[in-house]
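Each value in this text was obtained by applying a stated rule to the coordinates, not by laboratory testing. From a predicted model like this one, the values you see are computed outputs, not experimental measurements. So basically every Cβ, Gly included, is an ideal-geometry build from the backbone, and we count neighbours across all protein chains shown.
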Amino acid sequence: MKLFHSIRTTIAVLAVAAVPVVAVPASASAAPGCQEIWGSLPEANNRVSAGTLATVRAGRHTCFDRVVFDVTGAETTYSARYVPDVYRAGAGHLVPLRGGAKLEIMLGVNAFDDDGNWAFQPPNESELANVAGFRTLRQIAYAGDTEGAAWVGIGVRARLPFRVFTLDGPGSGSRVVIDIAHRW
C-alpha cells in the first residue's frame, strides 16, 4: 500500500509541476491585444453618403495591418469580402493583386466632386499605398468606380480574419477602416 501511495503522490506532484511549464509559453507568446475575435465573412454597412474618396492610407500594428479610406462627408456605405479575383468596375478586366487572398472593397462614394471634377485621382492605381514590408498586406489597388461606388482590391498574404468599421473625422469627413489580422 505504501508503494501505491508513493507512486500516486509522485504522479500528482509531476502533474502539478507540469502545468506551469505548459501554460507559461502559451501566454507569453501572445502579444497583448491580439486576443480579439474577427472573422473572414463579408461585412457591410448600408448608410448613404454624398461623400467622395479623398485618400487611402495603410499602417502597421502589433496584431494587424490597417487600411484607411478617408472620405469627405459623413459615414458611408461599404462592403468588404474575400473573392477569388477582383475585376475593374464597369469594364470587367482583372485587377492583378499580389498575395494569396484578395479582398474586394466597395465604398459608397461619388466619383466626382460638387464641381464635376474627378474626386479621386491616384498617381498609381496599382499601388494606392506603400505596403512594402507589411506582415499581412501585399497590395492596395484601385478597381474603378460605377454609379456612386468606388471599388478597391486588397492583396493579402492569406485569407485572414478582418474587421471593418467607420470613424468620424477629420473635420466633417469620415473614415472607413479595415484591419486585417496577422494570423488566425
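Annotations for the structure displayed:
- Residues within the reach of a label modelled at residue 45 (point 7 angstrom out along Cα to beta-carbon, backbone nitrogen below 13 Å), restricted to region 152-166, are 163-166.
- The HN-Hα couplings worked out from phi for region 75-82 by the Karplus form 6.51 cos²θ - 1.76 cosθ + 1.60 (θ = phi - 60°) are 3, 10, 5, 8, 9, 9, 7, 6 Hz, whole numbers, x standing for Gly and Pro.
- Where the Cα pairs of region 43-181 fall when distances are cut into 10 Å bins, in %: 13, 47, 35, 6, 0
- Amide H contacts for residue 73 (H built 1.01 Å from N in the peptide plane; partners 5 or more residues away or on another chain; cut-off under 5 Å): 173, 174.
- 10 Å beta-carbon shell around residue 110, net charge (K/R +1, D/E -1): -4
- Karplus-derived 3J(HN,Hα) values for region 107-112, using 6.51 cos²θ - 1.76 cosθ + 1.60 with θ = phi - 60°, are 10, x, 10, 7, 7, 10 Hz; glycine and proline are entered as x.
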